[in-house]
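See structure below.
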Amino acid sequence: MVVPTSHQLKTRRGIAISPQYIIYAVVGSCILCLTFLADYFYTESLDSHPTLRVEAGGAGALRGFKEEEMKAVIKKEWGKPIKRPQNWQTWGSYDVHKELKCEKHAANQNKPLPDMDYWNFVRDKYKEVVNSEAKFYDPILPTDGYTMTNGEKQPYYAKKSPGKGRGLFASRDIKKGELVHDGRASDIVMTADEWRNMIFALPQKMACDLSEWSWTQRKKIGGPYKIFTAFNISILMNGSNKPNTSEYISPMRRLCFIFFWFSCM
């Protein structure tokens, strides 16, 4: 019988396992579990505080319009109200894009930037048909962005680019690794039915915008898919096949990955 030394153990198959690797595996697994638990409870805490989202008065408040005057302005700039078809409960983004003829609106590079009347109207409709208790409090107006969870404003602003349409432009030099967007403080999350209710509560061009500015993802690992969007200029951020930004990974999660990598060596 061979007695293993203090520096290695042997399994029944005779594979040598260093105690150091066992320690790495245990510590890495513990950190991994704690990290995911922290992410889970932090996400739940954000979801239970709708006041993290933003508001600046009711529709038409900025220009002092009466309700009928506001409806006339919205209709002129953003299209007629949409009538719900019989099968509206089954509609997805493809159906919205096709049936509402969004191609023309999407291709129009001269469409205006969303102003305060636009965002107020959208937010009022959200409170009307999705969540009547939603609160939108933020010292930063949606035409300028939003307050990130670190208390800072994003280093960009919205404007139209000749021949390119609406977009975001850097307001100052941006350092490598700097946080430029924080969806936890900006995202609006809806179920599929809530999203459809929003679509059919908006005029045609706004509905096309919402469809274009929505995406699906899970809020937590293994959870159901939800529909995400935002009610501020951050939604004008485009994707790219060669992006110059990447997902932010917290120092704790980076440390977790390092331990987990060592444990697998």
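On inspection, residue 179 fails the criterion of being out of contact with any helix residue (DSSP H, G or I) (no Cβ under 6 Å at 6 or more places or on another chain), modelled with pLDDT under 90, surrounded by 12 or more Cβ atoms within 10 Å (Cβ to Cβ) and in a helix (DSSP H, G or I). Pairing residues of region 104-128 that are touching a residue at least 24 places away in the same chain (Cβ under 8 Å) and hydroxyl-bearing (Ser, Thr, Tyr) with residues that are exposed (fewer than 13 other Cβ atoms within 10 Å of the Cβ) and part of a loop (DSSP other than H, G, I, E, B), at Cβ distances under 9 Å and at least 6 apart in sequence or on separate chains, gives 118/112. Residues of region 87-119 that are within 20 Å of the chain's Cα centre (by Cα) and closer than 12 Å to residue 206 by Cβ: 114, 118, 119.
A search for C-beta distances below 7 Å between a residue of region 190-202 that is touching a residue at least 40 places away in the same chain (Cβ under 8 Å) and any residue that is among the charged types (D, E, K, R), counting only pairs 6+ apart in sequence or on different chains, returns 190/226; 198/125; 200/84; 201/125; 201/128; 202/125. Scoring residue 149 on the criteria (1) under 24 Å from residue 227 (Cβ atoms); (2) modelled with pLDDT of 90 or more; (3) out of contact with any strand residue (DSSP E or B) (no Cβ under 6 Å at 6 or more places or on another chain); (4) of a type outside the set (Asp, Glu) leaves a single failure, condition (2). Of all residues in region 139-154, those that are aromatic (Phe, Trp, Tyr) have Cβ atoms under 6 Å from Cβ atoms of residues that are assigned to a loop (DSSP other than H, G, I, E, B), 6 or more apart or on another chain, in 146/54; 146/138; 146/140; 146/186; 146/232. Do we find that residue 126 is closer than 17 Å to residue 203 by Cβ and under 18 Å from the mean Cα position of the chain (by Cα) in this structure? For residue 126, the condition - closer than 17 Å to residue 203 by Cβ and under 18 Å from the mean Cα position of the chain (by Cα) - is met. Evaluation of residue 88 against the conditions (1) surrounded by fewer than 19 Cβ atoms within 10 Å (Cβ to Cβ); (2) aromatic (Phe, Trp, Tyr); (3) closer than 19 Å to residue 235 by Cα shows that the sole unmet condition is (3).
Taken together, the criteria place residue 168 among residues that are buried (at least 17 other Cβ atoms within 10 Å of the Cβ) and either of a type in the set (A, V, I, L, M) or assigned to a strand (DSSP E or B) (or both).
The requirement of being more than 22 Å from the chain's Cα centre (by Cα) and either modelled with pLDDT of 90 or more or surrounded by 17 or more Cβ atoms within 10 Å (Cβ to Cβ) (or both) is satisfied by residue 160.
The values are calculated or read from the model by the stated rules, or taken from the named source; none is laboratory data. Small disclaimer: the values here were computed from a predicted structure and weren't measured. Neighbour counts run over all protein chains shown; Cβ positions are idealised from the backbone, glycine included.
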